[in-house]
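Contents: one structure, followed by commentary.
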Amino acid sequence: RQAGAAAVKPLEGLTVALDPGHGGYDGGARARLSGTWEKELNLAVALATEQELIARGATVVLTRREDVDLCTDDRPATLTKKRQDMQARVDAAVQGGADMVISVHMNEYRSRAESGPQVFYRQGCDSGRLLAGAMQEALITHLEPKKERAALAGDYFILQLDVPSVLIECGFISNAAEEKLLLSKDYQQRLGE
C-alpha cells in the first residue's frame, strides 16, 4: 500500500436506507423489566449502524433521527396513521435512491424464553433473501447468541421495494437476559457493526 493512499471503503457508492422502526406515538413493544420502548432501542441501534456504514463508505438515508413518527395526520393513533407512517418510510428510501433497505426492530413474545436476532425478507425477492442470509450469518458470528435463528420470509410493509430489503429483529426485549444486552451501549454498537 502506498503512503497516503485512501483507506479502502468497501461500501463506497452504495446508498443504504436505514429505518429505525416505530417512533413518536408508536412505541412498538415494551421491554418487560426496564419498561423501555422498542422505538428507543431501534433508534440507538440504527444510529450505531449508520456510523458503521459511513465508516465503510456508504451513503445513509435515515428515516428518522429522533423520537418522531412520520405522519402528517394529527389525529390519535389509527390504522390510517400507521399506514401513512409506513408509506413515508418507503418513500424516504425511494427518494433517497436507496440500493438497499435495513429496518431495525426489537422482538417480543409472550414466552420469556425466546431469544436471538432474526432477519426477515420479502418472499420471492432473491436479492432480499441473499441479503437476509448474509445479515443473519453475520449476527450469529458476531454476537454468538444462545439461539441461532434462520432468516425467514416475512410480510412487512417496508420490504415491498424492488431493492434488497431486510427487517432485522435484533433480539427479544421480552427475554430478561437479552433485554439487558439490548439496553447496553456496547451491545448496540456490536449490532451496528
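Figure legend. Inter-residue proximity from segment 94-113: first residues farther than 23 Å from Gln188 by Cα, second residues not in a loop (DSSP other than H, G, I, E, B), beta-carbon distance below 6 Å, spacing 6+ or different chains. Indicated pairs: Gly96/Ala17; Gly96/Val61; Gly97/Thr15; Ala98/Thr15; Ala98/Ala17; Ala98/Val61; Asp99/Thr15. Can Ala150 be described as outside any strand (DSSP E or B) and either in contact (Cβ under 8 Å) with a residue 40 or more places away in the chain or touching a strand residue (DSSP E or B) at 6+ places or on another chain (Cβ under 7 Å) (or both)? So Ala150 does not fit the description; no.
The set of residues in segment 66-77 that are open to solvent by less than 70 Å² (accessible area, probe 1.4 Å) and either among the acidic types (Asp, Glu) or closer than 17 Å to Leu167 by Cβ (or both) comprises Asp69, Leu70, Asp73. Based on what the data block shows, is Gln51 open to solvent by 50 Å² or more (accessible area, probe 1.4 Å), under 16 Å from the mean Cα position of the chain (by Cα) and over 26 Å from Ala150 (Cβ atoms)? Yes; evaluated as a whole, the condition is true for this residue. Looking only at residues in segment 122-147 that are closer than 15 Å to Ala98 by Cβ and outside any loop (DSSP other than H, G, I, E, B), the one that is least open to solvent (accessible area, probe 1.4 Å) is Gly128. Look through Asp99, Asp85, Asp91 and report the one residue that is within 21 Å of Val119 (Cβ to Cβ) and out of contact with any Lys or Arg (no Cβ under 9 Å at 6 or more places or on another chain). Residue meeting the stated conditions: Asp99. Between Thr80, Thr63, the distinction of being open to solvent by 70 Å² or more (accessible area, probe 1.4 Å) and either under 16 Å from the mean Cα position of the chain (by Cα) or under 30 Å from Arg110 (Cβ atoms) (or both) belongs to Thr80 only. Is it the case that some residue within segment 174-192 is in a loop (DSSP other than H, G, I, E, B), within 21 Å of Glu38 (Cα to Cα), touching a strand residue (DSSP E or B) at 6+ places or on another chain (Cβ under 9 Å) and open to solvent by 30 Å² or more (accessible area, probe 1.4 Å)? No, segment 174-192 contains no residue that is in a loop (DSSP other than H, G, I, E, B), within 21 Å of Glu38 (Cα to Cα), touching a strand residue (DSSP E or B) at 6+ places or on another chain (Cβ under 9 Å) and open to solvent by 30 Å² or more (accessible area, probe 1.4 Å).
The values are calculated or read from the model by the stated rules, or taken from the named source; none is laboratory data. Quick caveat, the model's predicted, so the values are computed rather than measured. Note: ideal-geometry Cβ built from the backbone for every residue, glycine included; neighbour counts use all protein chains shown. Please note that ligands, DNA and RNA were not included when accessible areas were found on the heavy atoms of the full protein model with its side chains. Shrake-Rupley method; radii C 1.70, N 1.55, O 1.52, S 1.80 Å.
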